[in-house]
Amino acid sequence: MDHESKKRLTRRDMLARLAGFALSLKGASAAAQRRPLEASVVRWNDKFELALDLEIAQPGGGRSRRPYVAVWIEDPEGEPVRTLALWANSGRGRRWLPELRRFMRGQRAGGGDLTTASSATRIPGRYSLAWDGRDDAGRPVEQGRYYLCVEAAREHGTYQLIREEYTFASRPFKATVPGNPEIAGVAVDFRERK
C-alpha cells in the first residue's frame, strides 16, 4: 500500500470513529431526555373505571350457534393489556378459538392462560363488563391511549372485529360504538367508580 492510500484509510477510519462518537452522544442525549418522561409517568387514577355494555345480536333465520366473543384492551402497539371476557365453549368447542384471530394472536405472543379468562358462550342479549385500569398481572397501567377490542366469531356464521381507540386520563366520557352482525353495539362509559 502506498502512502496516499494509507492516508485515505486513516481519514475514513477517523470519520467513522467521529460518526460513531456523534451517534453515541445522540443516544445518550435521547436517553437523558426519556428519563424525565419516565419519572413523570401518570398511573391510572383508581377513582375511575371503564364500564362497557355490549349486546350480542340476535341472528336472523333459523337455529344458530352462539358466537365466541373476546373483549380485551390493547396498548397503542397492539399488544394485549387486559382480557375482560372470553366467552367460548369448553371442551371440544375450544377448537374454534383460533377463529378469534386477533385475540388468539395476542395470546400466543403473550403466553396468556385462557382457562382463567374464559367462560361459557352467551345467548343474544346485553352484558356489562368493567376495566379497573390494571393489566392481566394486576398492575396499574399508565393513563393514555388504549384500544378497546371486541371480536366475535360464529360457527357457520360471520367473523367481526371492533377496535376503537380511546384516551383514558382523568376526564370522564361516554361513547357508543356501532354494531355489526354479531355484536349489536357497545356503549362505553369512562367514569368515576360507583
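Quick note: the coordinates plus some simple rules give every number you see, no bench work behind them. The shown structure was predicted, so the numbers you read here are calculated from the model rather than taken from an experiment. Using ideal geometry, Cβ is built from the backbone for each residue, glycine included, and neighbour counts are taken over all protein chains shown.
If you add up the charges near L148, with Lys and Arg at +1 and Asp and Glu at -1, over every other residue whose beta carbon is less than 14 angstrom from its beta carbon, what do you get? Net charge around L148: -3.
Net charge near A184, counting Lys/Arg +1 and Asp/Glu -1 over other residues with Cβ under 11 Å of its Cβ? Before the final figure, lay out the partial values.
Values: positive: R126; negative: D53, E55, E182.
Once positives and negatives cancel, what remains is -2.
The three principal axes of the C-alpha atoms in the stretch 48-192 carry coordinate ranges of 46, 31, 21 Å, sorted with the longest axis first.
A Förster radius of 22 Å combined with the Cβ-Cβ distance from D132 to V42 puts the calculated FRET efficiency at roughly 0.85.
At 0.36 nm per residue, minus the direct Cα-Cα distance, what do E164 and D53 gain on full extension? Give it in nm, one decimal, please. Kindly include the intermediate steps, with their values, before the conclusion.
Working: separation 111, 0.36 × 111 = 39.96 nm, distance 1.45 nm.
Net length gain for the segment: 38.5 nm.
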